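K.L.:
Please find one structure pasted underneath; my questions will follow.
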Amino acid sequence: MPFFEAIRLALQMIRAQKLKSVFSTIGVFIGVTFLIGAWSVVNGMNRYMTEKFAGTLVGVNTFHLRRSPNVNFDVQDSVWRSWRRRPRIKFADANAVTKSLTVPVVTAWYSEDRGSVEYSGKVAKDITLEGTTERYFDIMNLTIGDGRPFTPQESKAGTTVVVLGYDLAHKLFPDVNPIGHNVRIHGIPYRVIGVVERQGNLLGISLDKFVVAPALSPIQREVNPPGVVDALIVKANSEPEMREAMNQAEAVMRSRRHLRPRQDDNFAMETSEGVLDFWNKLSRILYAVGPGLVGIALVVGGIVIMNIMLVAVAERTREIGIRKSLGARRRDILRQFLAEATALATVGATLGILTGIGLSVLLQAVSPLPASVSPFSIVLGVVVGGGVGVIAGVYPASRAARLDPITALRQE
Amino acid sequence: MTALQPFRTGDTPLPDIVILTHKLTRDYDMGGEVVRALRGVSLQIRKNEYVAVMGPSGSGKSTFMNLIGCLDTPTAGEYWLNGQKVSDLSDDELARIRNKEIGFVFQTFNLLPRATALHNVELPLIYAGQPARERREQAARALTSVGLGDRMDHRPNELSGGQRQRVAIARALVNQPSILLADEPTGNLDSATSAELMQVFRDLHRGGQTIVMVTHEHDIAAHAARVVTLRDGVIATDQLQAA
Ligand SMILES: Nc1ncnc2c1ncn2[C@@H]1O[C@H](COP(=O)(O)OP(=O)(O)OP(=O)(O)O)[C@@H](O)[C@H]1O
Ligand SMILES: [Mg+2]
């Protein structure tokens, strides 16, 4: 019997036994859906964390010189209190470090706090007020959609100009172009010179509710005591150069702070890697637990299919007997059932892939969890889910095909 | 017709002998208790003979038919089909014999319930490896020849008992087998339909077909030229009769 014939036969039988076919596809379907769906969440979180989260908070090949780490998870109280006692980073520290670095870097000052921004009676509350120097926009990859960033001159002079985040601009200026208008922060007017392109959100928190003004402008009073910054941001061209710059910065800071060799640093240098540490710990657990769960789902699905197929084959033993009595060889029977099981598994796997992808898209739409379907999970789902389906379909048939035709025919 | 020579182990059958069994035995092991369904049946059937097998219920008629139809394996004894010793054949060769040499008509029809009449008749041709178009034409011809040319797309449950049996006959004959075996072919049919079926068998026999048929009914057996009677798994009588 040619293979094409087996496929035609299989499709005929599937059409003839709709209900049984539906049931046998369900096992594969559930396994594949679950695998792709669950995997996409872990995968999405991972990509999100490595690409966006860490990149957004710290930046690539970038370190932040701070009093203490900004991003931290589960820190002990005593450690936290010791951080609070550390001296702050001064303008003078930032300048000294910047001057001492011999590798090519771009630097910016950075301070932030929360506060309100007003425009003609409208008040936007809980806005991130940021005092920075001009290179901040480059370092953090903030693209100005409308207008311009502030210039080095404006930065040095502390001119009262601001660049708005996308959401803030739209809240205060729903109908007019904000460029050239004055917003007020704590009563002081600042001229809007630019609006940053929309950035979206991070774990459900908007990244577009901020205002950036020169660090030397009066905004300094809102964000830090005089002469103090939250961070000096240093961006190098490559990872090794960043490491080199960090060593140089550390040396400068230690000497300025008169630390003896045995004393620990009383400042922090934060990189995106540090931020990722926490996530890596978490994702290791997810990657270990996730496939385990998926494996269980597939095994259970496989047993379900196997049982359905066993029942189906028992019922179809008569059919196998008839076919054998008419001259079907064992391998003809096997081929027929293989084609049938493959077709069912393919349908199940395809539906599973589509539903898994749909699930992940849905998840991304309705929850802050980022989901991203990994091609590997699709391959794995098809191989494992489909394989389980095919084996479950063929194994019982191969047993029935071994019977004498009359034995098979006698079975009811 | 010359008398048949007795067969001894080590002999080979004469050329015009289609079926030859020698001390054919079939035991069923029923969990310790052995049922001896056939206990040494020796029989020779020539080309174009029309044989009726009779005997009381449980005498081993079906067991014998299944063995010569290669649907079952004997416990002991020899079975030669067309000069070939069947007991020596491999699984695949047996499948080929069932496909090409034997047409089997069952009392319960044994049609695929979900397939059309045409597809049912096509099955032996599928396993013979015939291309689809030829196969369909040949199956259609076979159905037409049993008077079912207008019922090809019907499923078994849309056909009467007599029609189902004719589908089964078309299927049995579609590969032009050297023997037609029928186990109580009229068992599930009324007398009018049985008579029609006997007409079909008579025509086939006249056309040169070798036929072995099991029956309980004497008026059905009367159509055959030779009647073999089994009793307790052995041949009790073997008689020629006038047609
Ligand atoms: N699969 C089987 N397992 C065990 N015993 C069997 C089996 N098939 C047949 N037998 C036994 O073998 C003997 C012969 O059975 P067989 O079916 O050949 O009789 P039969 O002559 O065809 O009877 P009937 O006229 O009722 O069809 C019986 O005693 C029967 O019980
Ligand atoms: Mg019987």
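K.L.:
So, B:THR144, is that one more than 14 Å from chain A (Cβ to nearest Cβ) and within 16 Å of ligand 1 (Cβ to nearest atom) or not?
P.N.:
Judged against the criteria, B:THR144 is not a match.
K.L.:
Check B:THR25, B:THR9 and return the single one that is touching a Lys or Arg at 6+ places or on another chain (Cβ under 7 Å) and β-branched (Val, Ile, Thr).
P.N.:
Residue meeting the stated conditions: B:THR25.
K.L.:
While we're here: Being outside any strand (DSSP E or B), away from chain A (no Cβ under 14 Å) and within 16 Å of ligand 2 (Cβ to nearest atom) narrows it down to one of B:PRO6, B:PRO13, B:PRO56, so name that one.
P.N.:
Of B:PRO6, B:PRO13, B:PRO56, the one residue that is outside any strand (DSSP E or B), away from chain A (no Cβ under 14 Å) and within 16 Å of ligand 2 (Cβ to nearest atom) is B:PRO56.
K.L.:
Scan (1) more than 13 Å from the chain's Cα centre (by Cα); (2) away from every other protein chain (no Cβ under 11 Å); (3) closer than 22 Å to B:ASN48 by Cβ for the single condition B:PRO124 breaks and write down its number.
P.N.:
Single failed check for B:PRO124: (2).
K.L.:
Scan (1) open to solvent by 70 Å² or more (accessible area, probe 1.4 Å); (2) under 18 Å from the mean Cα position of the chain (by Cα); (3) within 16 Å of ligand 2 (Cβ to nearest atom) for the single condition B:LYS47 breaks and write down its number.
P.N.:
(3)
K.L.:
Here's something else I'd like to know. Of the residues B:ARG114, B:ARG96, B:ARG135, which is more than 15 Å from ligand 1 (Cβ to nearest atom), open to solvent by less than 40 Å² (accessible area, probe 1.4 Å) and either free of Cβ contacts under 8 Å to residues at least 60 places away in the same chain or outside any loop (DSSP other than H, G, I, E, B) (or both)?
P.N.:
None of the others qualify; the one that does is B:ARG135.
K.L.:
Tell me, which residue of region B:59-80 that is in contact (Cβ under 8 Å) with a residue 24 or more places away in the chain and away from ligand 2 (no atom under 16 Å from the Cβ) is most open to solvent (accessible area, probe 1.4 Å)?
P.N.:
B:THR75
K.L.:
Would you check if B:GLY83 is farther than 18 Å from A:LEU403 by Cβ and more than 16 Å from ligand 2 (Cβ to nearest atom)?
P.N.:
The answer is yes for B:GLY83.
K.L.:
Which residue, of A:VAL366, A:VAL373, is away from ligand 2 (no atom under 16 Å from the Cβ), exposed (fewer than 14 other Cβ atoms within 10 Å of the Cβ) and either within 14 Å of another protein chain (Cβ to nearest Cβ) or farther than 23 Å from A:ASN307 by Cα (or both)?
P.N.:
One residue alone meets the criteria, A:VAL366.
K.L.:
Could you figure out which of (1) touching a Lys or Arg at 6+ places or on another chain (Cβ under 9 Å); (2) within 14 Å of chain A (Cβ to nearest Cβ); (3) open to solvent by less than 30 Å² (accessible area, probe 1.4 Å) isn't true of B:ALA172?
P.N.:
Tallying (1) touching a Lys or Arg at 6+ places or on another chain (Cβ under 9 Å); (2) within 14 Å of chain A (Cβ to nearest Cβ); (3) open to solvent by less than 30 Å² (accessible area, probe 1.4 Å), B:ALA172 fails exactly one: (1).
K.L.:
Then there's this: If I ask for residues that are assigned to a loop (DSSP other than H, G, I, E, B), within 12 Å of ligand 1 (Cβ to nearest atom) and surrounded by fewer than 20 Cβ atoms within 10 Å (Cβ to Cβ), which ones from region B:209-241 would you list?
P.N.:
B:HIS216, B:GLU217, B:ASP232
K.L.:
Something else now. Counting only residues that are open to solvent by 10 Å² or more (accessible area, probe 1.4 Å) and within 13 Å of chain B (Cβ to nearest Cβ), which one in region A:329-339 is nearest to B:ASP92 (Cα to Cα)?
P.N.:
Checked region A:329-339; the qualifying residue nearest to B:ASP92 (Cα to Cα) is A:ARG329.
K.L.:
For region A:137-148, does any single residue satisfy the condition of being open to solvent by 50 Å² or more (accessible area, probe 1.4 Å) and within 24 Å of A:MET269 (Cα to Cα)?
P.N.:
Yes, there is a match, as at least one residue in region A:137-148 is open to solvent by 50 Å² or more (accessible area, probe 1.4 Å) and within 24 Å of A:MET269 (Cα to Cα).
The values are calculated or read from the model by the stated rules, or taken from the named source; none is laboratory data. What you see is a predicted model, and the numbers here were worked out from it, not measured in a lab. No Cβ is skipped: glycine too gets one built from the backbone with ideal geometry, and neighbour counts run over all protein chains shown. When the accessible area is computed, the model is the full protein with side chains, heavy atoms only, and any ligands, DNA or RNA have been set aside. Shrake-Rupley method; radii C 1.70, N 1.55, O 1.52, S 1.80 Å.
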